[in-house]
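Student: Below you will find the structure I want to go over with you.
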């Protein structure tokens, strides 16, 4: 099924009435949207040099396509500025890859939300927040880019709560789940460089994330103590699966890890080795499955996969780690994957500027 041809709606010539009209059409996430006036949509489209009918993402289960025009309409409704549009486009280009499991991650009972992590200079250029209150409200770019993702999932791909979106409980990230990687004071190379993009290129990483888990540690003063508390959160019985993980270290915690000279790869190895539960423990809570254990410990298993234990993920590279948040406070976070298995894989795409 091709992208739906755009059409003009005749809405009331009154702002509040036009907002009500959008509610009546079922175009909202429950909050008021900006009526997608034609001029604003054209201004949004001007941020991408390709034709408006260009398809940037496809939903295999429904056959529905996302065109640049449809993305622009929903970006306007979310409150985005035109300069935010390249980030939104890159996010859906990343989600379009088969390994992401677009349908499963948006329709499953797991209740995931697409987490966007923007890395590189473009985040600063458009004023994204990578600092205090990183996952909270208050920043227009973070909030509206994340919200535009949700509106597109609802309005274009028809992921309607209770109908096609079968989330058991959902999570607040389904309103908006978009952050920027903090580079100031970060001892590690930015994700965009680690992902192999040329210097100066920005990227968006997309992760089908479950609920946010705060990791508090105000007393640890070694990498082992800080990362040990993160690993424990990653391996709690409610979260431990073969799925991937996102860990955002607070600057206070990253300072401890970085001052000891630890690299991203060393931190990944440590977390994978320590985010584990015994087979007996997994059996005790009814979560052990032979085929998952065999997948993790079978042919090609990572050397750090300890016999008799189930680890989170298949290897250390399954754990994305970077820094974000304000300078003060020993609060990092772990975000689990939506699926108990390998249902959705971290994907990234370069941000293309017209």
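The values are calculated or read from the model by the stated rules, or taken from the named source; none is laboratory data. On a predicted model such as this, the values are computed, not experimentally measured, just so you know. Virtual Cβ from ideal backbone geometry, glycine too; neighbours counted across all protein chains shown.
Student: Can you tell me which residues in region 262-287 are without any contact (Cβ under 8 Å) to a residue 40 or more places away in the chain, farther than 20 Å from residue 233 by Cβ and not in a helix (DSSP H, G or I)?
Tutor: 286
Student: Output the number of residues of region 288-310 satisfying the condition of being closer than 22 Å to residue 228 by Cβ, in contact with a helix residue (DSSP H, G or I) (Cβ under 9 Å, 6 or more places away or on another chain) and without any contact (Cβ under 8 Å) to a residue 60 or more places away in the chain. Steps first, answer last, please.
Tutor: So the first thing to find is which residues in region 288-310 are closer than 22 Å to residue 228 by Cβ, and the list is 296, 302-310.
From what's left, in contact with a helix residue (DSSP H, G or I) (Cβ under 9 Å, 6 or more places away or on another chain): 302, 304-310.
Okay, now just the ones that are also without any contact (Cβ under 8 Å) to a residue 60 or more places away in the chain, so 302, 304-309.
Number of matching residues: 7.
Student: For residue 66, which of the numbered conditions (1) part of a helix (DSSP H, G or I); (2) within 21 Å of the chain's Cα centre (by Cα); (3) farther than 27 Å from residue 248 by Cβ fails to hold?
Tutor: Of (1) part of a helix (DSSP H, G or I); (2) within 21 Å of the chain's Cα centre (by Cα); (3) farther than 27 Å from residue 248 by Cβ, only one is false for residue 66: (1).
Student: Now a separate question. Quick check on residue 253: is it within 23 Å of the chain's Cα centre (by Cα), at pLDDT 95 or above and not assigned by TED's automatic domain parsing to the domain that holds residue 192? Quick ask: steps written out before the conclusion?
Tutor: Values: within 23 Å of the chain's Cα centre (by Cα): yes; at pLDDT 95 or above: yes; not assigned by TED's automatic domain parsing to the domain that holds residue 192: yes.
Answer is yes for this residue.
Student: Of all residues in region 275-295, which are surrounded by 19 or more Cβ atoms within 10 Å (Cβ to Cβ) and within 25 Å of the chain's Cα centre (by Cα)?
Tutor: 275, 276
Student: Is it the case, given these coordinates, that residue 124 is in contact (Cβ under 8 Å) with a residue 60 or more places away in the chain and either in contact with a strand residue (DSSP E or B) (Cβ under 8 Å, 6 or more places away or on another chain) or assigned to a helix (DSSP H, G or I) (or both)? Write out each step before concluding.
Tutor: Values: in contact (Cβ under 8 Å) with a residue 60 or more places away in the chain: no; either in contact with a strand residue (DSSP E or B) (Cβ under 8 Å, 6 or more places away or on another chain) or assigned to a helix (DSSP H, G or I) (or both): yes.
It is false that residue 124 is in contact (Cβ under 8 Å) with a residue 60 or more places away in the chain and either in contact with a strand residue (DSSP E or B) (Cβ under 8 Å, 6 or more places away or on another chain) or assigned to a helix (DSSP H, G or I) (or both).
Student: Of all residues in region 202-223, which are in contact with a helix residue (DSSP H, G or I) (Cβ under 7 Å, 6 or more places away or on another chain), surrounded by 19 or more Cβ atoms within 10 Å (Cβ to Cβ) and not in a strand (DSSP E or B)?
Tutor: 202, 217, 223
Yes or no, residue by residue, for (1) over 22 Å from residue 245 (Cα atoms); (2) in contact with a helix residue (DSSP H, G or I) (Cβ under 7 Å, 6 or more places away or on another chain); (3) part of a strand (DSSP E or B); (4) not assigned by TED's automatic domain parsing to the domain that holds residue 167:
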{"residue": "36", "(1), (2), (3), (4)": "yes, yes, no, no"}
{"residue": "39", "(1), (2), (3), (4)": "yes, no, no, no"}
{"residue": "43", "(1), (2), (3), (4)": "yes, yes, no, no"}
{"residue": "48", "(1), (2), (3), (4)": "yes, yes, no, no"}
{"residue": "72", "(1), (2), (3), (4)": "yes, yes, no, no"}
{"residue": "118", "(1), (2), (3), (4)": "no, yes, yes, no"}
{"residue": "129", "(1), (2), (3), (4)": "no, yes, no, no"}
{"residue": "136", "(1), (2), (3), (4)": "no, no, no, no"}
